[in-house]
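> Can you keep this structure in mind? I'll have questions shortly.
The values are calculated or read from the model by the stated rules, or taken from the named source; none is laboratory data. Given the structure is predicted, the values throughout are model-derived calculations rather than measurements. When we count neighbours, we look across all protein chains shown, and the Cβ atoms used for this are built from the backbone with ideal geometry, even at glycine. Calculation scope for accessible area: heavy atoms of the full protein, side chains included, ligands and nucleic acids excluded. Shrake-Rupley method; radii C 1.70, N 1.55, O 1.52, S 1.80 Å.
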Amino acid sequence: MADPTLWDESVPGYRRTTKLGKGGTKAFNDKLQDIFRLIEADFTPMRDGKWLKETINGYLHPVAEQPKPFSPLPCEDNEKDTSLENLDKGTVPDWFMKYVEHCDVSHGRKACYLSTIKKLRRYELFKREFEGQKDFNLYPDTFTIDDLYDFYEYVENEYIYYDEHYDWYRQFHIDKKPPIKYTNNYIQTVRSHFRAFMNWMTKNGYSYNMEYKKLTIKPDVYADPIYLTLEERDKVYYADLTKHPGLSLYRDMFMFQCLVGCRVSDLYAFTTRNITEDGFIEYLPQKTRENAVEGAPSSFCRVPLNDKAKEIIERNMDKRSGRLFPYRNKNMYAYGIKMLLLLCEIDRMVTARDPDTKEFTRYPLYMVATSHTARKTFIANIYKKVKDPELICSMTGHMPGSKSFRRYRHIDDDCKWDALEGIE
């Protein structure tokens with residue numbers, strides 16, 4: 001049982017202490033992170049408290065590691081799932097595909113799972129073709145932890161193999177999106193996919209192989225969100241673009257995103273129908289619509305329009321079509337943002353990941369700014385003022401407690417000073 005006197009919400013987990021002995025705090029926090037990942041990998045809005053309790057208990061008290069004969073459990077309607085009857089000799093990718101067909105997750109999550117399945121199939125074929133294991137397959141009941149680490153090593157190095165064996169890889173038709181050097185966060189995500197799949201397998205009695213429990217999953221590592229301060233934002237808003245009229249529309253689009261926090265896909269879709277009589281902009285984010293799970297609550301956004309936002313709408317709205325902004329190529333918009341910030345001397349050094357080496361590197365802000373920087377600017381500056389995640393989520397469409405939103409807890413040292421001033 002967790003000791004509430006040692007709890008530190010900012011970790012989250014135990015704060016540093018000598019009460020648990022050498023390595024005790026780290027061991028506890030590592031287990032907690034594993035549980036968080038396990039929940040996140042298998043979570044859907046339809047899950048309830050019973051599922052959460054079973055998931056945590058399953059991690060803390062795993063089923064005894066002993067082989068049992070294959071015996072698929074019946075479905076909830078007490079009828080055997082005939083689509084699984086012939087899979088008793090199926091490989092891991094075969095079963096993983098069945099998991100994707102049965103699991104109740106968003107379209108985006110399913111697409112990620114399918115990407116992992118394709119990597120598993122390529123891995124099996126690669127072992128047969130280049131490592132002399134002609135009959136190699138991963139089976140749910142017989143794979144070992146060494147097999148799993150070998151697979152993840154393959155994923156890490158597949159971009160190298162792709163260059164070395166290009167002719168062989170052509171059969172997979174991945175030229176338009178070839179393997180790249182993946183970040184550690186991506187590798188950990190692939191591991192969490194496999195863990196979610198195997199949790200489903202063992203929970204339903206399709207496999208009793210607990211080797212996957214030995215797989216360590218490290219916490220994701222992110223740089224702090226990159227955003228403009230209010231002073232930088234206003235410097236851009238009031239910039240004299242007389243000599244650069246081509247940047248005026250990009251400036252208005254970028255500033256509008258900074259003022260309402262929308263994604264670029266929603267910005268392009270806004271019309272006068274999204275504006276309410278009481279001065280709000282209302283919309284259901286496109287990302288929410290695409291990844292919606294049946295029966296899940298929708299993340300509807302309702303954001304008040306301040307005077308700056310209203311001025312921008314007045315300048316750009318097409319009264320005939322009702323569109324708030326004329327369409328511009330997204331690549332040109334992204335380029336225009338960088339040119340705009342460079343012109344305004346928004347060159348504060350920030351930390352971002354190098355797209356080639358995947359290492360964190362220091363850059364001038366204008367070099368790494370994108371349309372999403374505007375969304376982060378909206379969130380970060382409001383968070384510094386109110387520090388109320390639920391209020392901000394109601395305007396951005398984030399689910400409360402989402403992993404992406406949690407990073408904004410570390411956006412500024414001012415938050416820490418504010419906290420300390422409260423106990424002086």
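> Out of the total accessible area of segment 85-235 (probe 1.4 Å, heavy atoms of protein only), what percent is carbon and sulfur?
49
> Efficiency by 1/(1 + (r/R0)^6): what FRET value for Tyr335 and Asn204, r their Cβ-Cβ distance, R0 = 35 Å, to the nearest 0.05?
Efficiency for this residue pair is about 0.10.
> Rolling a 1.4 Å sphere over the protein heavy atoms, what is the accessible area per residue of segment 195-240, to the nearest Å²?
So segment 195-240 comes to 43 Å² accessible per residue, rounded to a whole number.
> So, one more: Let me make sure I get this right: for segment 149-202, a, b and c are the square roots of the gyration tensor eigenvalues over alpha carbons, sorted descending. Under 1.5 in a/c it's rounded, otherwise prolate if a/b > b/c, else oblate. Which is it?
prolate
> What are the ³J(HN,Hα) couplings of segment 224-231, residue after residue, when phi is run through the Karplus curve with 6.51, -1.76, 1.60 and θ = phi - 60°? Round to Hz, x for glycine and proline.
Coupling constants for segment 224-231: 4, x, 8, 8, 8, 5, 4, 5 Hz.
> Once both labels are modelled 7 Å past Cα along the beta-carbon direction, what's the Lys308-Thr276 spacing in nm?
Label-label distance for Lys308 and Thr276, simple model: 2.2 nm.
> Could you list which residues have their amide H under 5 Å from that of Tyr14, counting only those 5 or more apart in sequence or on another chain, with H placed in the peptide plane?
Under 5 Å from the amide H of Tyr14 lie the amide H atoms of Asp8, Asn29, each far enough along the sequence or on another chain.
> Rounded, prolate or oblate: which fits segment 165-235 when a ≥ b ≥ c are the square roots of the eigenvalues of the alpha-carbon gyration tensor, with rounded for a/c under 1.5 and prolate only if a/b beats b/c?
oblate
> What FRET efficiency do you get for Thr5 and Leu52 if R0 is 25 Å and r is their Cβ-Cβ distance, rounded to the nearest 0.05?
Given R0 = 25 Å and the Cβ-Cβ separation, E is 0.55.
> For Lys384, give me every one of the lysines with a C-alpha distance below 16 angstrom, ignoring sequence neighbours fewer than eight places off in its own chain.
Lys376, Lys416
> Once amide H atoms are placed 1.01 Å from N in the peptide plane, what residues at a sequence separation of 5 or more from Thr271, or on another chain, have their amide H within under 5 Å of its amide H?
Amide H neighbours of Thr271: Leu324.
> What does the accessible area of Asp278 come to, in Å² to the nearest 10, when a probe of 1.4 Å is used?
90
> Would you mind getting me the FRET efficiency between Arg323 and Arg348? Use the beta-carbon distance for r and R0 = 30 Å, nearest 0.05.
FRET efficiency, Arg323 to Arg348: 0.35.
> Where the centre of each part is set by its Cα atoms, how far does segment 145-185 sit from segment 247-270, in angstrom?
37
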